[in-house]
Amino acid sequence: MKKISIKNLFSVEGKLPKADEEEVFEKIIEQEDFLLERIISTGQQSPEGFWYEQQRDEWVVLLQGKATLQFQRPNEEVQLKAGDSILLPALCKHRVSHTSNEPPCIWLALHYKVTK
(Lines give C-alpha, C1' and ligand atoms only; values in the text may rest on other atoms or scores of the structure.)
Protein backbone atom coordinates (compact mmCIF):
# COMPACT_ATOMS: atom_id res chain seq x y z
CA MET A 1 0.00 0.00 0.00
CA LYS A 2 1.30 3.45 -0.95
CA LYS A 3 1.85 5.97 1.80
CA ILE A 4 -0.65 8.83 1.93
CA SER A 5 1.06 12.21 1.82
CA ILE A 6 -0.19 15.76 2.10
CA LYS A 7 1.41 18.66 0.24
CA ASN A 8 0.33 22.29 0.23
CA LEU A 9 0.66 23.68 -3.31
CA PHE A 10 0.99 27.24 -1.99
CA SER A 11 3.86 26.52 0.42
CA VAL A 12 7.09 27.85 -1.09
CA GLU A 13 9.17 28.24 2.06
CA GLY A 14 12.82 27.64 1.24
CA LYS A 15 12.07 27.02 -2.46
CA LEU A 16 11.93 30.53 -3.93
CA PRO A 17 14.52 30.96 -6.67
CA LYS A 18 16.16 34.32 -7.22
CA ALA A 19 15.26 35.99 -10.54
CA ASP A 20 18.68 35.10 -12.02
CA GLU A 21 18.28 31.42 -11.07
CA GLU A 22 16.27 28.68 -12.77
CA GLU A 23 12.63 28.19 -11.92
CA VAL A 24 11.87 25.38 -9.46
CA PHE A 25 10.23 22.31 -11.03
CA GLU A 26 8.77 19.72 -8.65
CA LYS A 27 7.34 16.47 -9.99
CA ILE A 28 4.15 15.49 -8.18
CA ILE A 29 3.10 12.49 -10.29
CA GLU A 30 5.04 11.00 -13.20
CA GLN A 31 4.07 8.12 -15.42
CA GLU A 32 4.89 7.18 -18.99
CA ASP A 33 2.38 9.50 -20.69
CA PHE A 34 1.55 11.78 -17.76
CA LEU A 35 3.47 14.33 -15.69
CA LEU A 36 1.96 16.61 -13.06
CA GLU A 37 4.37 19.21 -11.73
CA ARG A 38 4.46 22.38 -9.69
CA ILE A 39 6.59 25.24 -11.00
CA ILE A 40 7.71 28.26 -8.97
CA SER A 41 8.81 31.39 -10.84
CA THR A 42 10.09 34.68 -9.47
CA GLY A 43 10.75 36.90 -12.46
CA GLN A 44 12.15 34.23 -14.79
CA GLN A 45 11.39 34.28 -18.49
CA SER A 46 12.35 32.22 -21.52
CA PRO A 47 15.62 33.28 -23.15
CA GLU A 48 15.13 35.76 -26.00
CA GLY A 49 14.41 33.88 -29.23
CA PHE A 50 13.77 30.55 -27.42
CA TRP A 51 10.46 28.75 -28.05
CA TYR A 52 9.12 25.72 -26.21
CA GLU A 53 7.84 23.09 -28.65
CA GLN A 54 6.81 20.15 -26.50
CA GLN A 55 5.85 16.68 -27.71
CA ARG A 56 2.90 16.39 -25.31
CA ASP A 57 -0.18 18.49 -24.67
CA GLU A 58 0.16 20.66 -21.58
CA TRP A 59 -2.60 22.08 -19.39
CA VAL A 60 -1.36 24.80 -17.06
CA VAL A 61 -3.07 26.74 -14.28
CA LEU A 62 -1.50 29.75 -12.62
CA LEU A 63 -2.38 29.38 -8.96
CA GLN A 64 -0.68 32.58 -7.79
CA GLY A 65 0.98 35.58 -9.41
CA LYS A 66 0.87 37.06 -12.91
CA ALA A 67 2.54 35.87 -16.09
CA THR A 68 2.68 36.53 -19.81
CA LEU A 69 2.92 33.84 -22.49
CA GLN A 70 3.82 34.52 -26.11
CA PHE A 71 2.89 32.31 -29.05
CA GLN A 72 4.79 32.15 -32.32
CA ARG A 73 1.78 31.31 -34.55
CA PRO A 74 -0.37 33.18 -34.39
CA ASN A 75 1.85 35.97 -33.07
CA GLU A 76 -0.09 36.51 -29.87
CA GLU A 77 0.52 37.39 -26.23
CA VAL A 78 -1.66 36.19 -23.34
CA GLN A 79 -1.75 37.72 -19.86
CA LEU A 80 -2.45 35.24 -17.04
CA LYS A 81 -3.54 36.00 -13.48
CA ALA A 82 -4.17 33.72 -10.52
CA GLY A 83 -6.81 31.14 -11.39
CA ASP A 84 -6.32 31.30 -15.17
CA SER A 85 -5.65 28.08 -17.03
CA ILE A 86 -4.60 27.40 -20.61
CA LEU A 87 -4.28 24.32 -22.81
CA LEU A 88 -1.13 24.25 -24.92
CA PRO A 89 -1.41 21.65 -27.70
CA ALA A 90 1.63 19.53 -28.52
CA LEU A 91 4.10 21.33 -30.82
CA CYS A 92 2.58 24.75 -30.05
CA LYS A 93 5.56 27.11 -30.04
CA HIS A 94 5.36 29.33 -26.97
CA ARG A 95 7.55 31.14 -24.49
CA VAL A 96 7.22 32.79 -21.09
CA SER A 97 7.96 36.50 -21.44
CA HIS A 98 7.13 37.58 -17.87
CA THR A 99 6.52 36.13 -14.41
CA SER A 100 5.80 38.17 -11.30
CA ASN A 101 8.22 38.21 -8.42
CA GLU A 102 5.82 39.48 -5.75
CA PRO A 103 3.85 37.42 -5.36
CA PRO A 104 5.85 34.58 -6.87
CA CYS A 105 4.17 32.59 -9.62
CA ILE A 106 3.00 29.14 -8.61
CA TRP A 107 2.01 27.00 -11.57
CA LEU A 108 0.46 23.56 -11.75
CA ALA A 109 1.27 21.91 -15.09
CA LEU A 110 -0.13 18.69 -16.48
CA HIS A 111 1.79 17.21 -19.43
CA TYR A 112 0.04 14.32 -21.14
CA LYS A 113 -0.03 12.36 -24.35
CA VAL A 114 -3.41 11.65 -25.84
CA THR A 115 -3.72 7.99 -26.78
CA LYS A 116 -6.33 6.97 -29.29
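Looking at (1) in a loop (DSSP other than H, G, I, E, B); (2) touching a residue at least 40 places away in the same chain (Cβ under 8 Å); (3) among the basic types (Lys, Arg), which is the one condition that is false for Lys3?
(2)
Quick check on my filter: what residues within region 68-116 are without any contact (Cβ under 8 Å) to a residue 40 or more places away in the chain, of a type outside the set (Asp, Glu) and not in a loop (DSSP other than H, G, I, E, B)?
Of everything in region 68-116, those that are without any contact (Cβ under 8 Å) to a residue 40 or more places away in the chain, of a type outside the set (Asp, Glu) and not in a loop (DSSP other than H, G, I, E, B) turn out to be Thr68, Leu69, Gln70, Phe71, Val78, Gln79, Leu80, Lys81, Ser85, Ile86, Leu87, Leu88.
Residues of region 1-51 being within 16 Å of Lys113 (Cβ to Cβ) and surrounded by 15 or more Cβ atoms within 10 Å (Cβ to Cβ), which ones?
Leu35, Leu36, Glu37
Given the options Gly49, Gly83, Gly65, name the one that is on the phi > 0 side of the Ramachandran plot, out of contact with any Cys (no Cβ under 6 Å at 6 or more places or on another chain) and at pLDDT 95 or above.
Answer to the check: Gly83.
Identify the single condition in (1) under 14 Å from the mean Cα position of the chain (by Cα); (2) more than 18 Å from Leu87 (Cβ to Cβ) that Arg56 does not satisfy, given that it satisfies every other one.
With respect to (1) under 14 Å from the mean Cα position of the chain (by Cα); (2) more than 18 Å from Leu87 (Cβ to Cβ), Arg56 is out only on (2).
Could you grab me the full set of residues in region 59-111 that are under 20 Å from Glu13 (Cα atoms), exposed (fewer than 15 other Cβ atoms within 10 Å of the Cβ) and among the hydrophobic types (A, V, I, L, M, F, W, C)?
Residues satisfying the conditions do not exist here.
Would you tally the residues in region 18-38 being part of a loop (DSSP other than H, G, I, E, B) and modelled with pLDDT of 85 or more?
Residues that pass the stated criteria total 5.
The values are calculated or read from the model by the stated rules, or taken from the named source; none is laboratory data. If you're wondering where the values come from, they're calculated on a predicted model, not measured in any experiment. Glycine also receives a Cβ, built like all others from the backbone with ideal geometry; neighbour counts cover every protein chain displayed.
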